[in-house]
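The values are calculated or read from the model by the stated rules, or taken from the named source; none is laboratory data. Worth saying up front: this structure is predicted, and the values here are computed from it rather than measured. Methodologically, a virtual Cβ is constructed for each residue, glycine included, from the backbone with ideal geometry; neighbour enumeration extends over all protein chains shown. Quick note on the areas: whole protein, heavy atoms, side chains included, nothing else; ligands and nucleic acids left out. Shrake-Rupley method; radii C 1.70, N 1.55, O 1.52, S 1.80 Å.
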Amino acid sequence: MVKAIRVNEFGGPEVLKWEEVEIGEPKEGEIRVKNKAIGVNFIDVYFRKGNSKAPVPFTPGMEAAGVVTAVGPGVTVIKVGDSVAYAGAPLGSYSEEQILPANVAVPVPPSIDYNVAASVLLKGTTAQMLLRRVFKVEAGHTILVHAAAGGVGSLLCQWGKALGATVIGTVSTEQKAAQATEDGCDHVIISTKEDFVARVNEITGGKGVDVVYDSIGKDTFQGSLSTLKTRGYMVSFGSPSGTPDPLPLSDLSSKSLFLTLPSLLHYNSTREELLQSAAELFENVASGALKARVNHSYPLSEAAQAHADLEARKTSGSIVLLPDN
């Protein structure tokens, strides 16, 4: 038996219960991992509330790093004692130990700390997807990053700047503005005090931006579209403020705009894509081009508090849960 966070009914942070569970031994193609650090992401909140569907009861969480303690039949590329991390499916990382399909685990280089690996893999491979594949950012581009001090936003700003782009970021507070500046933003807009559409128009001299990375949703969606230049890309990858209103297709025609809602599972659908994405991420972290901001850590048993703080926007950067064992 191991201890894990369980969701027996959908609801607020209080439904996250600390319970004993039986996880068994790895079967064909599986590995058992003793988690050293567990990443917390906003999609975990969606699952807890029931916005993203999972049959109850379940253990939430989609990101962790740890040590392999057992391998099932047929597993040859991973061995006991290896340091690995995973991000995405399956659910279940909010646990002291878990069973994983071997093909979702990626090797963690010795230079990368477990806390960093657990906090950066999902957000970092998301950033890699957004910047390198959904829209390939290059020197000379101007990009707009909403929630620039958040986990993905921080990496987008750093990576975008390293690629030679002019980076405009929106944040909610002065404190977050300071972090966004440190992360490479050329211009920071405090959206609680300024109209971000007017400021982007001013910053770009009315030309607009090449791409908007919008992880906010309903509150920013229409404004984001209006900041794009002709043939600009609207990339929507989160909606904590609610699902955007329906968009008539004709709204894209005025500037021949592109609109996409990318899924990391689709972009890392093969083992080769996953390994390449993770390797590029870890190379940039190891070189110092990307700084993983692990600003908050909580005992795994206190996951409910981590969720409460995340939803109350009391956090910035990344959050990790640390198993007690």
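In table form, for the structure just shown:
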quantity: Hits in region 26-52 - residues which are at pLDDT below 95, in contact with a Gly (Cβ under 9 Å, 6 or more places away or on another chain) and open to solvent by 20 Å² or more (accessible area, probe 1.4 Å); calculated: PHE42, ILE43
quantity: Subset tally (residues that are part of a strand (DSSP E or B) and either modelled with pLDDT under 95 or open to solvent by 20 Å² or more (accessible area, probe 1.4 Å) (or both)) for region 93-110; calculated: 4
quantity: Of residues in region 68-87 being assigned to a strand (DSSP E or B) and under 19 Å from GLN276 (Cα atoms), the one most open to solvent (accessible area, probe 1.4 Å); calculated: SER83
quantity: All positions within region 239-280 that are on the phi > 0 side of the Ramachandran plot and open to solvent by less than 40 Å² (accessible area, probe 1.4 Å); calculated: GLY242
quantity: Complete set of residues in region 278-305 that are assigned to a loop (DSSP other than H, G, I, E, B) and over 13 Å from ALA117 (Cα atoms); calculated: GLY288, ALA289
quantity: Residue within region 6-21 that is at pLDDT below 95 and either surrounded by fewer than 16 Cβ atoms within 10 Å (Cβ to Cβ) or under 19 Å from SER297 (Cβ atoms) (or both) present; calculated: no
quantity: Leading residue by the ranking (modelled with the highest pLDDT) among those in region 137-172 that are in a loop (DSSP other than H, G, I, E, B) and farther than 23 Å from GLY206 by Cα; calculated: LEU163
quantity: Odd one out for ALA162, checked against (1) aliphatic (A, V, I, L, M); (2) surrounded by 23 or more Cβ atoms within 10 Å (Cβ to Cβ); (3) out of contact with any Asp or Glu (no Cβ under 6 Å at 6 or more places or on another chain); calculated: (2)
quantity: Enumerated strands (runs of 3 or more DSSP E) restricted to region 199-277, each holding at least 3 residues that are farther than 18 Å from ALA147 by Cα; calculated: 228-236, 258-260
quantity: Checklist (1) within 26 Å of THR173 (Cα to Cα); (2) surrounded by fewer than 21 Cβ atoms within 10 Å (Cβ to Cβ) applied to ASP113, failing item; calculated: (1)
quantity: Condition broken by ASP44, with the remaining ones in (1) touching a helix residue (DSSP H, G or I) at 6+ places or on another chain (Cβ under 6 Å); (2) assigned to a helix (DSSP H, G or I) satisfied; calculated: (1)
quantity: Criterion violated by HIS296 - all others in (1) in contact with a helix residue (DSSP H, G or I) (Cβ under 6 Å, 6 or more places away or on another chain); (2) at pLDDT below 95; (3) crowded, with 17+ Cβ neighbours inside 10 Å satisfied; calculated: (1)
quantity: Condition met for ALA308 (more than 19 Å from LYS136 (Cβ to Cβ), in a helix (DSSP H, G or I) and of a type in the set (A, V, I, L, M, F, W, C)); calculated: yes
quantity: From the options PRO55, PRO90, residue that is surrounded by fewer than 17 Cβ atoms within 10 Å (Cβ to Cβ), touching a Pro at 6+ places or on another chain (Cβ under 8 Å) and over 15 Å from LEU275 (Cα atoms); calculated: PRO90
